[in-house]
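Handing you this structure, nothing more for now.
The values are calculated or read from the model by the stated rules, or taken from the named source; none is laboratory data. For clarity, every value in this text was computed on a predicted model and none was experimentally measured. Every residue, glycine among them, receives a Cβ derived from its backbone with ideal geometry; neighbour counts consider all protein chains shown. Note: areas computed on protein heavy atoms with side chains; ligands, DNA, RNA excluded. Shrake-Rupley method; radii C 1.70, N 1.55, O 1.52, S 1.80 Å.
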Amino acid sequence: MVTSEASRALAWRDAYVNLAKTVGLAADEMLLADGSIQPLWQPVIEHFETLEKSDIRDLRQAALRLIHENGITYNVHGDPRGTQRPWELDPVPFVISSDDWERIESGLVQRAKLLNLVLDDLYGPRNLINQGLLPPELVFSHQEFLRPCAGIDASRELILGSADMARGPDGRIWIVNDRTQAPSGSGYALENRGISTRLFPGLFGRCKVRRLAPFFRSLIKTLNQLSPTKGNDPRIVILTPGPLAETYFEHAYLAAYLGVTLVQGDDLTVRDRRVWLRSLAGLEPVDVIVRRLDSTFCDPLTLRSDSYLGVPGLLEAIRANNVALANPLGSGVLENPGLMAFLPRIARHFLGEDLKLPSSATWWCGQKTECQYVLENLKNLVIKSINRSPNFGTVFADRLSAAELQVLRDKIKANPDSFVGQERVAFSTLPCLVKDQLQPRHAIFRGTFAAIGKGEFTVMPGGLSRAASGLGDLDVSPRAGGVAKDTWVLGDAPEAFASLWSEEGDRHQLAADERNLPSRSGENLFWAGRYAERTEGTARVLRRTLQNYFDGISRNDGVHDQQLNIMITALHTITETLPLSKSLEAGSRLADSYPEDELLSMLMDQQRIGTLSATLRSFINACYGVRDLWSLDSWRVIDSIDSQWKALQQSKAVFLFSFPNELNSLITQLMALTGLNLESMTRQAGWLMLDTGRRLERSLLLISLLRSMLLERRGESHDYLTMENFLAASDSLVTHQRRYRSQPNAESVLSLMLLDENNPRSLLYQVARVQNHAALFPGKKSTDPLLAEDKFLLRAHTQLKLCDVHELAQVDPVSGRREHLDKLLKNLTTLLIGVSEGMTLTYFSHVKSTSLLG
């Protein structure tokens, strides 16, 4: 008797086979010619066939949750869903047998050696061109052939590279693209592996999947050996274009995983032909740069003068052999698809052997006969530009209309040197989980190699696979909706857990963890702290304002109307915004439509500087700029805040009555993040900058709130309500009630909020904490003279300690204002702004700040 589970498995297989036949049964990785499952795929498929529909939904949700919690993104510019697109991972792995892998690994090592020799020749003797093995037009017209890099007496070794490959209809593995500029994929492969091992822990072990960590251990060893200084503890950095780069997540992830520093171009400077890192303590030498930035952008002094991403003078430091690059500048020339037409002959010339992994048949249109062939067979070919361009990608000519084909033909005729035609290889298909069943999808696999010695390479046993989104589609790119897959290379025996780090360790490695942060990272943490506090403070004032608004509606009296007026004025004061309507005037009754429109705008308008949404977006951006420095738990909180507020922004209808709960949630999450940072971050430069930013911002917000709400005398009943609102908005109402056990008055409120050293919400407490932090900033010595920011802090602390709270509470009988309090708060504002500006000049811009404010 056939069980329901067996019946479901048969139905699954029949459905899959029928779909596979539509795209070519012989080209499917999982199936044999008779439609049965290959033995190496049996454990994986049997596991999926045991799953009910509810199990599959749970599996998908678990994968999505892990992606969401880890913050895995891929930036797609111009995407209506937003720039940061969540990573899409198909849970079904791509399984490769040990025999297949042996052939792939051998072929990739051969290709790495060959490309390495080609690179060295093109920027050296150019024998390939002189002997007619490469047309000079093909090389010299490529945008990544950098003439200033020719003849440099420094290492031109290819350190990292990858190749996109797929199995053709003949069963052989074919190379589709070479990636040697700044190859991506290894970090995403690591994250894919982390997720798949969480989803299938038992299956992973049973399949004897090879691990990835040994590859990265070899990579970090190679990077250490690249250092020109040959010291025990070289400074290695990953140079990224920044948070807007498509693969920025990977840059940040690899920096954290490898234990190196993530930098942008303006973090580095060249002095005396040496590259230096702008750190919080000053300039520190850099030995090795892992380049994730295209070569032409790396040095605006010698290469692209319009680049704001590079390091002026970098090429001069390379010429002096004072810094090593992985990969060397100009390595992108190897990505020229036209080279593929000539690699077979070059392989026989350099290596004396044929390519083990052939490239797709390629015709460079710069040759008359080849161009004629391409034009005559255009509809059956794939057309590529020899230069990567956002305006011309990979074109599948069979998908073009007659008119579009003619336009393409005219482009090739007008500039034949710039185009190649490639044979359209029918890639093999892989099983993907589509809705509730497995379906075949065309896929490619990116294999990654790394140098392990002079001319020797190792290959990651696995990598990044990508599958197309639709049945029969060939475009596997993220922009086209392609999904990623983990790649399982099966071994002969289970592999033991392998850590990235060697067991022995040494003092040099331990000391490396205490190096100073780049100035940009310190500045981002400083502003992350400021924006977090600004967001929280704005949310608290908004929450209290909404409470007054709802109380005014229910009671309909002038007292609450005036309190609402006071709260909205305070809101505009602390956010430095102007009201939408002129109806908000002193003593005037608010128009019925004004408060709701104004409050909704202050909550939701992301384009209006100072609103909660705009401030929250600035906070998220500052956090994202130092993505590599947050703990996993901290990032989960940050991502949760971002996701929830985005969902609110995308709601079709929003109403004020729903916002108190949203504000409660936001404040709770921000407090949770503060607690995590307090308990999890070591008290080093990063935490000092983060907490200093928070304390300075809390001080300035408190001063703004005091000036807006407590300077004027409004009458006994109004003063009591105003002070109660002030305390509630400052998270100190309960503290005041427990301490004084009476209704608030000016002296009690000012004593608690200005001068109480034990109240973590008081101004004196904030100033004292910043003073303590400033004494521990990098590069500080107790014998050094006071910097400008230290003097400002000392003056602010002294003025607070010397002030008389009774005098501050007095109201001038003429003006009706607390003039002494106003004078003190103005002075403190000037001093605290001076502290912030002084820190910027000293630690972030590295400019002497002694002249600030006299």
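HN-Hα J couplings of the range 786-795 from phi, Karplus 6.51/-1.76/1.60, θ = phi - 60°, integer Hz, Gly and Pro as x?
Each residue's phi maps through the Karplus curve to give 5, 7, 4, 5, 5, 5, 4, 5, 4, 5 Hz.
Helix 98-122 sits at what angle to the longest principal axis of the chain, using alpha carbons and giving 0 to 90 degrees rounded to 10?
Value to nearest ten degrees: 80.
Here's something else I'd like to know. Counting only DSSP beta bridges with both residues in the chain, tell me the antiparallel percent, nearest 5. Walk me through the numbers on the way to the answer.
On the way: 56 of 73 bridges.
If I count the DSSP bridges inside the chain, around 75 percent turn out antiparallel.
Filter the trypsin sites (Lys or Arg not before Pro) in the range 62-167 to those in DSSP coil with at most 13 other Cβ atoms within 10 Å of their Cβ, and list the result. Could the numbers behind the result be given before it?
Details: sites: Arg65, Arg81, Arg103, Arg111, Lys113, Arg126, Arg156, Arg167; in loops: Arg81, Arg126, Arg156.
Hits after loop and neighbour filter: Arg81.
Right, something else. Please say if the range 197-262 is rounded, prolate or oblate, where rounded means a/c under 1.5 for a ≥ b ≥ c the square roots of the C-alpha gyration tensor eigenvalues, and otherwise the choice is prolate for a/b larger than b/c and oblate otherwise?
Numbers: a/c = 3.76, a/b = 1.49, b/c = 2.51.
Oblate, since a/c reaches 1.5 and b/c is not below a/b.
Work from the charge dipole of the range 521-680 (Cβ charges, +1 for Lys and Arg, -1 for Asp and Glu, about the Cα centre) and give the residue of Leu600, Gln562, Ser618 farthest towards its positive end.
It is Ser618, whose Cα lies furthest towards the positive end.
Further question: Please report the carbon-and-sulfur percent of the accessible area for the chain; probe 1.4 Å, protein heavy atoms only, DNA, RNA and ligands left out. Mind dumping the intermediate values first?
Working: 18580 of 36760 Å².
So the carbon and sulfur contribution to the accessible surface is 51 percent.
Work out how far the C-alpha atoms of the range 722-788 reach from end to end along every principal axis, then list the three figures in whole Å, largest first.
In descending order, the Cα extents are 48, 19, 18 Å.
Something else about it: If you average 1/r over every pair of different alpha-carbon atoms in the range 630-722 and take one over that average, what Kirkwood value in Å do you get?
Numbers: mean 1/r = 0.0610 Å⁻¹.
One decimal place: 16.4 Å for the Kirkwood radius.
Just going by the charge dipole of the range 682-844, with Lys and Arg at +1 and Asp and Glu at -1 on Cβ, which of Gln771, Thr829, Cys803 is farthest out on the positive end?
The residue sitting most towards the positive pole is Gln771.
Taking only Cα atoms, what is the 0 to 90° angle, nearest 10, from helix 186-199's long axis to the longest principal axis of the chain?
Here the helix axis deviates by roughly 80 degrees.
So for each of 669-676, 545-552, 685-692, 760-767 I average, over its residues, the number of other beta carbons within 10 Å; can you give me the resulting order with the highest mean first?
Working: 669-676: 17.5, 545-552: 19.6, 685-692: 24.1, 760-767: 21.5.
Output ranking for 669-676, 545-552, 685-692, 760-767: 685-692, 760-767, 545-552, 669-676.
Same structure, new question: Of the listed peptides 389-401, 813-825, 603-615, what is their order by residue-averaged count of other C-beta atoms within 10 Å, with the highest listed first?
Details: 389-401: 12.8, 813-825: 15.5, 603-615: 18.0.
Per-residue mean Cβ counts within 10 Å order the peptides as 603-615, 813-825, 389-401.
Toward the positive end of the charge dipole of the range 682-844, about the Cα centre and with charges on Cβ (Lys, Arg +1; Asp, Glu -1), which of Trp687, Met709, Gln743 goes farthest?
So the residue we want is Trp687.
What percentages make up the Cα-Cα pair-distance distribution of the range 771-854 when the bins are 5 Å wide from 0?
P(r) over the range 771-854, rounded to whole percents: 3, 13, 21, 19, 14, 10, 8, 6, 3, 1, 0.
Another question, then. Mind listing the phi-derived Karplus ³J(HN,Hα) values for the range 147-153, rounded to whole Hz, using 6.51, -1.76 and 1.60 with θ = phi - 60°, and x for any glycine or proline?
The phi angles translate into 4, x, 8, 5, x, 5, 7 Hz.
Right, something else. Evaluate Rg over Rh across the range 521-680, taking Cα atoms for both radii and Kirkwood's formula for Rh.
Details: Rg = 16.7 Å, Rh = 16.6 Å.
Rg divided by Rh gives 1.01.
Any idea what angle helix 763-775 forms with the longest principal axis of the chain, computed on alpha-carbon atoms, 0 to 90 degrees, nearest 10?
Taking Cα atoms only, the helix is inclined about 50 degrees.
Excluding ligands and nucleic acids, what accessible area in Å² is computed for Leu721 using a 1.4 Å probe, to the nearest 10?
40
Taking all pairs of distinct Cα atoms, average 1/r, flip it, and tell me the Kirkwood hydrodynamic radius of the range 133-245 in Å to one decimal place. Mind showing how you got there, number by number?
Values: mean 1/r = 0.0540 Å⁻¹.
Here the Kirkwood hydrodynamic radius works out to 18.5 Å.
According to the square roots a ≥ b ≥ c of the eigenvalues of the Cα gyration tensor, what is the shape class of the range 613-676, taking rounded for a/c under 1.5, prolate for a/b larger than b/c otherwise, and oblate for the remainder? Provide the component values of the computation, followed by the final result.
Details: a/c = 2.54, a/b = 1.69, b/c = 1.50.
Taking the square roots of the gyration eigenvalues as a ≥ b ≥ c, the range 613-676 is prolate.
Under the rule that a partner needs its Cβ under 4.7 Å from the first Cβ, which Cys of the chain have none?
Cys149, Cys207, Cys298, Cys432, Cys623, Cys803
So for each of 241-249, 308-316 I average, over its residues, the number of other beta carbons within 10 Å; can you give me the resulting order with the highest mean first? Intermediate values should be presented prior to the final figure.
Working: 241-249: 19.2, 308-316: 21.0.
For the peptides 241-249, 308-316, the packing ranking is 308-316, 241-249.
Additional query: Plugging the Kirkwood radius over Cα pairs into Stokes-Einstein for the range 359-493, at a temperature of 25 °C and a viscosity of 0.890 mPa s, what D comes out in µm²/s?
Details: Rh = 17.3 Å.
Once the numbers are plugged in, D ends up at 142 µm²/s.
Given 37 °C and 0.692 mPa s, compute D for the chain with the Stokes-Einstein relation, Rh being the Kirkwood radius over Cα pairs; round to the nearest whole µm²/s.
107
Taking amide H positions as placed in the peptide plane 1.01 Å from N, state which residues far from Asp486 in sequence (5 or more) or on other chains have amide H under 5 Å from it.
Phe94
Can you give me the Cα centroid spacing of the range 638-698 and the range 363-402 in angstrom?
Each part's Cα centre sits 51 Å from the other's.
Can I ask one more? Taking only the alpha-carbon atoms of the range 163-222, what semi-axes of the equivalent ellipsoid follow from 5 times the gyration tensor eigenvalues under a square root, in whole Å, largest first? Before the final figure, lay out each step's value.
On the way: eigenvalues 115, 79, 25 Å².
Value: 24, 20, 11 Å, ordered largest first.
Quickly estimate the mean residue ellipticity at 222 nm for the chain, helices only: each DSSP H run with n ≥ 4 gives -39500 (n - 2.57), and the total goes over all residues, rounded to 500. Walk me through the numbers before you get to the answer.
Working: 29 runs with 392 residues, N = 854.
Value at 222 nm, helices only, nearest 500: -14500 deg cm²/dmol.
In the P(r) worked out for the range 303-369, what percent of Cα pairs fall beyond 18 Å?
On the way: 1318 of 2211 pairs.
For the range 303-369, the share of Cα pairs beyond 18 Å comes to 60 percent.
Ok, one more. Find the accessible area per residue for the chain; the probe is 1.4 Å, ligands and nucleic acids are left out, and the unit is Å². Show your work: numbers first, answer last.
On the way: 36760 Å² over 854 residues.
I get 43 Å² per residue for this part.
Another question, if that's okay. Let me know the charge dipole size of the chain about its Cα centre in debye, to the nearest 20, where only the beta-carbon of Lys, Arg (+1) and Asp, Glu (-1) is charged. Provide the component values of the computation, followed by the final result.
Numbers: 94 positive and 100 negative charges, 165 e Å.
That gives a dipole near 800 debye.
Normalised radius of gyration for the range 682-844, please: alpha carbon Rg relative to 2.2 N^0.38 Å, two decimal places.
Values: Rg = 16.9 Å, N = 163, 2.2 N^0.38 = 15.2 Å.
Dividing the Cα radius of gyration by 2.2 N^0.38 Å gives 1.11.
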